[in-house]
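The values are calculated or read from the model by the stated rules, or taken from the named source; none is laboratory data. Please read these numbers as outputs of a predicted model, since none were measured by experiment. For neighbour counting, all protein chains shown are included, and Cβ atoms are generated from backbone atoms with ideal geometry for every residue, glycine included.
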Amino acid sequence: MFEDGFATIRNFILEHSNRVVQDDSGIPLAYFDPNKWSLRLFGTYLGPIELFKQHFQPKLQELFARSNPPPLEFGFGYRWNWKEANLMVAERK
């Protein structure tokens, strides 16, 4: 949901959801205002798959490095290998 064409659905989700569960290919970290959302991370962030390499998120990489999240024991999204997968759970404050 990085491109402008996703703005309507992205904004709807952020305005109407109490919880968002996604991997790094979903709503970019920058859209989750820390004053409104609590984040829990799982797995590892290796960056996007080759097809979406232009959407690398340095701040998400830093957050994964700082928070030392628990492993994710299943594949998710484009990263179907559980050793490469990540998950972000955002909960509205």
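Quick notes
- Per the conditions (1) touching a residue at least 12 places away in the same chain (Cβ under 8 Å); (2) in a helix (DSSP H, G or I), the sole criterion not satisfied by Asn11 is (1).
- Boolean, Arg66 is in contact with a helix residue (DSSP H, G or I) (Cβ under 7 Å, 6 or more places away or on another chain), in a helix (DSSP H, G or I) and among the basic types (Lys, Arg): no
- Every pair of residues 6+ apart whose Cβ atoms lie under 8 Å, when the first sits in segment 26-39 and is closer than 17 Å to Arg79 by Cβ and modelled with pLDDT of 95 or more while the second is outside any helix (DSSP H, G or I) and among the polar types (S, T, N, Q): Pro28/Gln57; Leu29/Gln57
- Hits in segment 1-21 - residues which are surrounded by 12 or more Cβ atoms within 10 Å (Cβ to Cβ), closer than 16 Å to Leu87 by Cα and either touching a strand residue (DSSP E or B) at 6+ places or on another chain (Cβ under 6 Å) or among the charged types (D, E, K, R) (or both): Val20, Val21
Residue-wise test of (1) over 25 Å from His16 (Cβ atoms); (2) β-branched (Val, Ile, Thr); (3) out of contact with any strand residue (DSSP E or B) (no Cβ under 8 Å at 6 or more places or on another chain).
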| site | (1), (2), (3) |
| --- | --- |
| Tyr45 | yes, no, no |
| Ile49 | yes, yes, no |
| Pro69 | yes, no, no |
| Glu73 | yes, no, yes |
| Trp82 | yes, no, no |
| Leu87 | no, no, no |
| Glu91 | no, no, no |
